[in-house]
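Data block below; observations after.
The values are calculated or read from the model by the stated rules, or taken from the named source; none is laboratory data. Keep in mind that what you see is a predicted model, and the values were worked out from it rather than measured. Glycine also receives a Cβ, built like all others from the backbone with ideal geometry; neighbour counts cover every protein chain displayed.
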Amino acid sequence: MNAEIIAVGSELLTADRVDTNSLFLTEELNKIGVEVTTKYVVGDDRERLTDTVRRAVDRSEFVILSGGLGPTEDDVTRDAVAAALDRRLIFHQPICDAIEQRFRTMKWKMPEINRRQAFILEGAEILPNDRGTAPGQWLDIRHCSVMLLPGPPHELKFMFQKHCAARVARRAPKLAIETLVLRVAGMSESALDELISPVYKKHTNPVTTVLAHAGDIQVHLRARCATAAQSLALLAEVGGQIELLLGDRIYSRNGDALEVVVGTLLRKQKATLAVAESVTGGGLAERITTVAGSSDYFLGGFVTYSRKLKMSLLGVLPDTLEKCGAVSKETAEAMATGARNRTGATHALAITGNAGPSTDGDEAPVGMVYVAVADAAGTATVHRQFNADRERVRQFSGQMALDLLRRRLLTPG
């Protein structure tokens, strides 16, 4: 069965608000075996919302609306759904009394406009709201169940889990949705898709989606079967073929980020890490330390943006900087070696590059980055020329550094 989620509110169309309710609802529906096929964000526009609801009800088994149930004129959900379904709105005095009592317990007088929250769709079942004033509503019409839920997340989550989840489960066929997430580093999105598309294009189940962000590519496979065992078996069959093609470029099979994977390897090997950064300005260290327990293996780092600090803190020779440049293989290796010598870490990572937007004289072109790792086996360096803006160059650089260390830890010596 399919579901559509409609988030209502003009504030959700601004740059500083995110619709987190739909993420929660998607997760809960997937647990039950219901697939979310479409999500909308609709502003406080009665006509647009009416049209959206009408189309959603015609093609899906479940339609969930969040928000727009407040007392003000811009709370248009009740009116829009009534128009879309050709239902009357009926005033419910007990709801109004309950809202008034809620205000009374707070020593306030209920404003007259709160009476709007006591209007219920003809034929709808009231979903009590123990955490707010706006009641929810459940309405079955033809093949579709429509839910009206309040917008505040703490109200919506409680209401869905208490009043809606079991009803959805009773109506939905037994269906297990399982997901496999492969995270990949060291190749482009287009190269990955060219490699694995002959496998996944043969299958409509599982559904395969490829997502890419700054050097981190994710392959999502979603299987839908009658039982969890069948879904997992299908993922193993198709996912296994994809894994064979990608090989060691896969760094995670459970969704873990690269910094988590690297941290696990360091802890397992009882190894420590230090970093020396130029172009990333501390971003690599920040990323490493977002992992809980990173103090077990991360000793610290150096942010040496200037040549002077590269020399004084890391021991990079003036001659190296003069002949090879601050953005070079030689400087990256010297930075990594210096960081390891200064801290006594088992491994040290170094990043130097030019994120732009301009060069300094004859310095390296924008997007050029060198990453080096130093350990007991010596040094290794990776060089890339990125065609990206400043922030993405910095993100790519951190990903490249962590992947270099991951590979080093998997093949010690």
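Points to keep in mind about this one:
- Scanning region 1-45 for residues that are touching a helix residue (DSSP H, G or I) at 6+ places or on another chain (Cβ under 8 Å), basic (Lys, Arg) and surrounded by fewer than 15 Cβ atoms within 10 Å (Cβ to Cβ) yields a single hit, 17.
- Lone qualifier among 264, 280 - being assigned by TED's automatic domain parsing to the domain that holds residue 335 and assigned to a loop (DSSP other than H, G, I, E, B): 280
- Residue check, residue 63 in contact (Cβ under 8 Å) with a residue 24 or more places away in the chain, surrounded by 15 or more Cβ atoms within 10 Å (Cβ to Cβ) and under 20 Å from residue 144 (Cβ atoms): yes
- Subset of region 26-77 (residues that are in contact with a Leu (Cβ under 6 Å, 6 or more places away or on another chain) and assigned to a helix (DSSP H, G or I)): 77
- Selection count where residues are assigned to a helix (DSSP H, G or I) and of a type in the set (S, T, N, Q), scope region 182-224: 2
- For region 226-242, the candidate set comprises residues that are out of contact with any strand residue (DSSP E or B) (no Cβ under 6 Å at 6 or more places or on another chain) and not polar (S, T, N, Q); within that set, the residue that is modelled with the lowest pLDDT is 226.
- Looking only at region 156-176, residues that are among the charged types (D, E, K, R) and under 24 Å from residue 131 (Cα atoms) come to 3 in all.
- All positions within region 309-338 that are over 25 Å from residue 390 (Cα atoms), in contact with a helix residue (DSSP H, G or I) (Cβ under 8 Å, 6 or more places away or on another chain) and small (Gly, Ala, Ser): 315, 338
- Qualifying residue in region 220-228 (condition: over 24 Å from residue 398 (Cβ atoms), exposed (fewer than 14 other Cβ atoms within 10 Å of the Cβ), among the hydroxyl-bearing types (Ser, Thr, Tyr) and in contact (Cβ under 8 Å) with a residue 12 or more places away in the chain): yes
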